[in-house]
1. Which residue is modelled with the lowest pLDDT, if the candidates are limited to segment 46-55 and must be loosely packed, with under 14 Cβ neighbours inside 10 Å and at negative phi?
2. What's the number of the only condition in (1) at pLDDT 85 or above; (2) farther than 28 Å from GLY36 by Cβ; (3) touching a helix residue (DSSP H, G or I) at 6+ places or on another chain (Cβ under 7 Å) that ARG91 fails to meet?
3. Among (1) at pLDDT below 85; (2) surrounded by 10 or more Cβ atoms within 10 Å (Cβ to Cβ), where does ARG58 come up short?
Amino acid sequence: MYRAPSARMLLSVTAVAFAASAMIALARPVEMTLDGERIESDVPPITTSSNRAYVPVRSFAAALGAQTLTDGDADGDADIARGNAGVNIVRGNQSLRLKVGDVHASINGMPLTLRRPPFLVRGRVMVELDALARAFNVRAVYDPRTARIDVLTPGIGQAPVILSTEARFARSAQGFAPEGRAVEGPSVSP
């Protein structure tokens, strides 16, 4: 026998539905920048509750000036969707090779085990931000408060360290050196 839902049940379901739709409407996609310039992608980065960020490989690589290649012929993207092809990202003399669904990758031919295998979202290969940052020697930071990923390439977006002779001497005595160089002794400016 059918029993109509109570007013209390209808009110509860409506409240939950309203709260869920409000959260979705107010949620904003994660923004990704490279040296302060926004990186556009048809698939936004994905984040987890443990503050891990996964980014679309092709958009990230293109922004860095890297080339994304797939194994096989012209239907390489279709092979990736089936999990049959590898993805190679090449930037100068740096390279990252990976395969969707496989935690085993390589950076410049050296083996690397990823925390989570690359996966597909709407036909785009998503890889953990840390792995891409390590492979291409860039600094990448995900800030969950601002829903933003900032990627900085070496030498860009970093102000030079300018120290007086006294400050350089004090820092060298403490074992610090500007710009990450090893300290050999106090330097004296002419």
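1. Kept after step one, since they are loosely packed, with under 14 Cβ neighbours inside 10 Å, are these residues of segment 46-55: 48-51.
Next, only the ones that are at negative phi stay: 48-50.
Details: THR48: 85, SER49: 81, SER50: 86.
This residue is SER49.
2. Among (1) at pLDDT 85 or above; (2) farther than 28 Å from GLY36 by Cβ; (3) touching a helix residue (DSSP H, G or I) at 6+ places or on another chain (Cβ under 7 Å), the lone unmet condition for ARG91 is (2).
3. Only one criterion is unmet by ARG58, namely (1).
The values are calculated or read from the model by the stated rules, or taken from the named source; none is laboratory data. Because the structure is predicted, anything quoted here is derived from the model rather than measured. Every residue, glycine as well, gets a Cβ built from its backbone with ideal geometry; the counts of neighbours run over all protein chains shown.
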